[in-house]
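The values are calculated or read from the model by the stated rules, or taken from the named source; none is laboratory data. Everything quoted here is computed from the prediction, not taken from an experiment. Here the Cβ positions follow ideal geometry from the backbone for every residue, glycine too, while neighbour counts run over all protein chains shown. We work out accessible area using only protein heavy atoms, side chains counted, and drop any ligands, DNA or RNA first. Shrake-Rupley method; radii C 1.70, N 1.55, O 1.52, S 1.80 Å.
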Amino acid sequence: MTDTSYAALLATLDELAERTEPQVRLAWLHDLIAPLLDRVEQEDDPLSDEPRISTPDAVRAWHRAAAGDQVDVDAVYDQLMTVGLVYSEDQDPDLHVISQTAYAAAAWLRLLTGRDLRSTVEDEEEVEGIEEWSGSSVFTQIIDMLAWTRTGQVYTFWQDAAADPGYCDFPVATRELDAMVSTLVHRA
């Protein structure tokens, strides 16, 4: 695939998002994110002085929220954002993948609730929220992040990846994005 094919896949996702009901998009994103959260759930180190909820409890509550149960979504969001921030600052690529998963799950919660959620880390300048990801819709931005996360890679803007092929495995991320788009188009 050429570097423009990644852009075409993102455009296909944007088109799909426009013609798909929000609840369907949420379900699709859930199915893409949920398997990745097993790794996040294993992280039980305290990441702040006064956590409202542990990371494993936050992941379990995320799953319960997805099932329609009442949970403290602000506490879950806050812990996922904390994991995202703390692990994104580490040089270990595996921790970056955990960070990306936590950010994707937090973004999904915002879509689920339809409101801004409170976090103690959102005011920090270092927080790399979904606004930094490629794609014009939040749906597309999350899937773009997942193309890299599901292949075990640190997120890279596709334009940068295409310009410097030695920096990451852009073809693998592109194939993963293509596989996710094909699956979602088929489900639509």
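Conditions first: (1) open to solvent by less than 10 Å² (accessible area, probe 1.4 Å); (2) touching a helix residue (DSSP H, G or I) at 6+ places or on another chain (Cβ under 6 Å); (3) part of a helix (DSSP H, G or I); (4) over 14 Å from Leu146 (Cβ atoms). Leu117 passes all but one, so which condition is the exception?
Single failed check for Leu117: (3).
Output the number of the condition that Glu176 fails; it satisfies all remaining conditions of (1) among the acidic types (Asp, Glu); (2) at pLDDT below 95; (3) surrounded by 13 or more Cβ atoms within 10 Å (Cβ to Cβ).
Going through the list (1) among the acidic types (Asp, Glu); (2) at pLDDT below 95; (3) surrounded by 13 or more Cβ atoms within 10 Å (Cβ to Cβ), Glu176 breaks only (2).
From Asp92, Asp72, Asp44, which residue is under 20 Å from Arg150 (Cβ atoms) and not aliphatic (A, V, I, L, M)?
Of the residues listed, the single one that is under 20 Å from Arg150 (Cβ atoms) and not aliphatic (A, V, I, L, M) is Asp92.
Is it true that Leu80 is within 16 Å of Ser137 (Cβ to Cβ) and either outside any loop (DSSP other than H, G, I, E, B) or open to solvent by 60 Å² or more (accessible area, probe 1.4 Å) (or both)?
Here the answer is no, as Leu80 does not meet what is asked.
Is it the case that Thr151 is over 12 Å from the mean Cα position of the chain (by Cα), at pLDDT 90 or above and surrounded by fewer than 21 Cβ atoms within 10 Å (Cβ to Cβ)?
Answer is yes for this residue.
Do we find a residue being open to solvent by 10 Å² or more (accessible area, probe 1.4 Å), part of a helix (DSSP H, G or I) and among the hydrophobic types (A, V, I, L, M, F, W, C) anywhere in segment 49-56?
No.
For segment 25-43, which positions are of a type outside the set (Asp, Glu), without any contact (Cβ under 8 Å) to a residue 60 or more places away in the chain and open to solvent by 50 Å² or more (accessible area, probe 1.4 Å)?
Pro35, Gln42
Which of the residues spanning segment 52-90 are under 17 Å from Ala34 (Cα atoms) and of a type in the set (Lys, Arg)?
Within segment 52-90, Arg60, Arg64 qualify.
What are the residue pairs meeting all of these: first residue in segment 175-188, first residue more than 16 Å from Tyr6 (Cα to Cα) and among the aliphatic types (A, V, I, L, M), second residue open to solvent by 50 Å² or more (accessible area, probe 1.4 Å) and outside any helix (DSSP H, G or I), Cβ atoms under 8 Å, and 6 or more apart or on different chains?
Going by the 8 Å Cβ cut-off, the qualifying pairs are Ala188/Arg19.
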